Amino acid sequence: MRSSVRVVRRIPPLAADIAVALAVLAAHSAPFLLTTRAADPVTGYTIQQYLPVLGQVLPLIWRRRAPLTVLVAVTAATGAYLLNDPDTAPQPVPYALLIAVYTVAVHGSRRERTWGLALLAVGAAVQLAGLILRTPSADTTVRGLVMYVAAWAMGRATANRQAHARQLEREKEMEARRAVERERAAIARDMHDILGHAISLMVVQAEAGPLAVRPDPGRAEAAFDAIAAAGRDAMDQLRRLLGLLGEDSSEATPTVARIGTLVENVDRAGQPAALTISGTPRPLPPDVEAAAYRVVQEALTNVVKHARASKVSVGLDWREDALVIDVVDDGRGHTGGAGHGLVGIRERAAACGGSVSFDHGPGRRGFTVSVRLPGAAA
């Protein structure tokens, strides 16, 4: 059934309208071919009596492009047909007018539908006047009015269904665009975190390396090793982010377990850093794992870039219903800048149902980032 509907929808509108016009012409021509004229059974129906039938059918080819004009033309041809032979009851040929009424109800604009209803009202008034003058039978008049009202109602129902389908399609497209935008924003945040952290460590080591080349060659070598390690780690994470490593890149997946490596890299880069863990670690949902890693990464990046701290500590407190992360430094504190680091931390925590608070460090020195992420015990 659905395949048949899809095939019908692929038919060009003009070809479909021509097919409808031919079908209506066949239905209107059948009475002239299969019955005789009551007034003159010998000669039958004449060309003059049949011509209005063609006038009813031909406009249907343009019914979608000019619905109201087609309705007016079909109505005029129908009137000419009814007045063509007043002495005998003409053969009933209502299909063209019914289709024209239906088309205005489906494809007509608000203004065209208003005029179409006005035209139908005039036609109903004429039929009722004819009923008073006893020209047609009451049964014929009522049947005709019911058919035209039904055609209009079916047209409006079809138009509403099509409008609803278009609205659903637009909503699906909008949701798809929003999903793409969310995905792009997430990728942008990840790339910002990865590159910002790695470049910060590389800059610090690159600045310290030349100063230590002569007095402390070992320290200079460690600085360059740290630069290479930070670069490799950034490349691994970028490949993982962009899907270039497939399933073999599980080691680069941001998890709570990798926070220790993150802190070690910062410490090795010359910014003294320490990690403390309390409570019992346990698996978390992937989004919470990634948020925890990225939050610590962004906080450490801010310390390296802006804090001028002598030390920084990262605390992971595994509680019964949550993982609380505290990143505390003794540097300059919040400088009032308008960067996106703190905003990114807040958004990442909120995305997985967590919360964030920012405050001074101990003794009102430095800065503290405290993040609470959901993590109920199994």
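Here are the numbers:
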quantity	calculated
Within the range 108-130, considering residues that are open to solvent by less than 50 Å² (accessible area, probe 1.4 Å) and of a type in the set (Gly, Ala, Ser), the one modelled with the lowest pLDDT	GLY130
Qualifying residue in the range 333-354 (condition: more than 34 Å from the chain's Cα centre (by Cα), surrounded by 14 or more Cβ atoms within 10 Å (Cβ to Cβ) and not acidic (Asp, Glu))	yes
Pairs, first closer than 10 Å to VAL106 by Cα in the range 155-166, second among the small types (Gly, Ala, Ser), C-beta under 9 Å, six or more apart	GLY155/ALA105; GLY155/GLY108; ARG156/ALA105; ALA157/ALA105; THR158/ALA105; ALA159/ALA105; ALA159/GLY108
Only one of VAL53, VAL93, VAL72 that is open to solvent by less than 20 Å² (accessible area, probe 1.4 Å), at pLDDT 80 or above and either under 30 Å from PRO12 (Cα atoms) or among the aromatic types (Phe, Trp, Tyr) (or both)	VAL53
Number of positions in the range 278-293 that are assigned to a helix (DSSP H, G or I) and open to solvent by 10 Å² or more (accessible area, probe 1.4 Å)	4
Matching option when the condition is modelled with pLDDT of 85 or more and of a type in the set (Asp, Glu), among ASP287, ASP330	ASP330
Residue within the range 25-46 that is small (Gly, Ala, Ser), modelled with pLDDT under 90, within 30 Å of ARG161 (Cα to Cα) and in contact with a Leu (Cβ under 7 Å, 6 or more places away or on another chain) present	no
Restricting the range 362-372 to residues that are in contact with a strand residue (DSSP E or B) (Cβ under 8 Å, 6 or more places away or on another chain) and at pLDDT 85 or above, the residue that is most open to solvent (accessible area, probe 1.4 Å)	ARG372
In the range 303-321, the residues that are open to solvent by 20 Å² or more (accessible area, probe 1.4 Å) and in contact (Cβ under 8 Å) with a residue 60 or more places away in the chain	VAL304, LYS305
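Per-residue answers, yes or no, for (1) open to solvent by less than 60 Å² (accessible area, probe 1.4 Å); (2) at pLDDT 85 or above; (3) within 17 Å of THR301 (Cα to Cα):
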| site | (1), (2), (3) |
| --- | --- |
| GLN237 | yes, no, yes |
| LEU242 | no, no, no |
| PRO254 | yes, no, yes |
| ILE259 | yes, yes, yes |
| ASP267 | no, yes, yes |
| THR276 | no, yes, no |
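The values are calculated or read from the model by the stated rules, or taken from the named source; none is laboratory data. Since the model is a prediction, treat every value here as computed from it, not as a measurement. Note that each Cβ is placed from the backbone with ideal geometry, even for glycine, and that neighbours are counted across all protein chains shown. Just so you know, the surface numbers come from the protein's heavy atoms only, side chains and all, with ligands and any DNA or RNA stripped out. Shrake-Rupley method; radii C 1.70, N 1.55, O 1.52, S 1.80 Å.
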